[in-house]
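Shown next, in structure tokens, is the structure this report addresses.
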Amino acid sequence: MLLLVVRPALRGRTVREWTWIAVFGVSMATMNVAFYSAVAVLPLGVAATLLYLGPFAVACAGFRRGPALVLPVIALTGVVLISRPGTVDSAGGVVVGLTAGAALAVYTLSSRAVGQRGGVDLLALSVAASAVVLTPFSVASAPSLNGPGLAILVTTGAVGVAGAFWLDFRALQLIGSRAVSVLFSLDPAIGAIAGAVLLSQHLDLLTVAGLAAVVASGAVAATTSSAGSNEHSERGATTGQGRQPPGQ
């Protein structure tokens, strides 16, 4: 769908661009398959929390010292509360959810690289690469699709894939990575609310507490990480302005 709308050029691209397109597409495909597989056996809020651990880990990777180092500990405590024995029916679902989170971490890093090298044209090519990776699974499932199933598939592809990734990409361009990261940290809470309202999924108090721990530590980590990056950039700019070229 994005290819038809954007019509990106295929010629004239570097090997590095194609590499990032491939990494972005594969991580996108892995994340979608793993997340929807986790949702099939876990409450939506729990699956969304495990998924968010990916970008949370990326945000925490830049921490070297200081109070921010306690944030991963808080998040890990939250994960233990969420996935403790007796809370979820499928340990495999937790593993698949963590796989989705790892894929989202790669997606976060590769989307940043793709965004620095181009616009929606590279996004369209990445989504196409993701579709190619998923083609064997799609072909195997095609005979079992009926009218309603096909309608759900088309809607999910248009809204949940093409639309969602385009909005994600545009949000990064319009409001910056800091604001987007903080908004991402709300995903587990939104997932829990949606699961309760739409799917009648009820979480106990300890699970809600674990979810809140991940959300809160994620929001602080995203803000702290972005603030640190901005401060470093500002210092670099100030230092550069203070230097004079030789001979002046």
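Under 15 Å from the Cβ of residue 32, count the other residues' Cβ atoms, weight Lys and Arg +1, Asp and Glu -1, and hand me the total.
On the way: positive: none; negative: 168, 187.
That works out to -2.
Whole-Hz ³J(HN,Hα) for each residue in the range 104-109, computed from phi via Karplus 6.51 cos²θ - 1.76 cosθ + 1.60 with θ = phi - 60°, x for glycine and proline: what do you get?
5, 5, 5, 4, 4, 5
Near residue 211, within a Cβ-to-Cβ distance under 12 Å, what is the net charge of the other residues, with Lys and Arg +1 and Asp and Glu -1? Numbers along the way, then the final one.
Details: positive: none; negative: 187, 204.
Once positives and negatives cancel, what remains is -2.
Let a ≥ b ≥ c be the square roots of the eigenvalues of the Cα gyration tensor of the range 7-81; is it rounded (a/c under 1.5), or, if not, prolate (a/b larger than b/c) or oblate? Provide the component values of the computation, followed by the final result.
Details: a/c = 4.72, a/b = 1.48, b/c = 3.19.
In terms of gyration-tensor shape, oblate.
If amide hydrogens are placed 1.01 Å from N in the peptide plane, which non-local residues have theirs closer than 5 Å to the one on residue 201?
For residue 201, the qualifying residues are 196.
Using the Cβ atoms and a cut-off under 13 Å, what net charge is assigned to the surroundings of residue 9, where Lys and Arg are +1 and Asp and Glu are -1? Could you put the intermediate results ahead of the total?
Working: positive: 7, 11, 13; negative: 17, 121.
Charge balance near residue 9 sits at +1.
Report the Cα-based extents of the range 70-136 along its three principal axes, largest first, to the nearest Å.
45, 36, 11
Here, each number is a calculation from the coordinates, and none is a lab measurement. Remember, it's a predicted structure, so these values are computed and weren't measured experimentally. Using ideal geometry, Cβ is built from the backbone for each residue, glycine included, and neighbour counts are taken over all protein chains shown.
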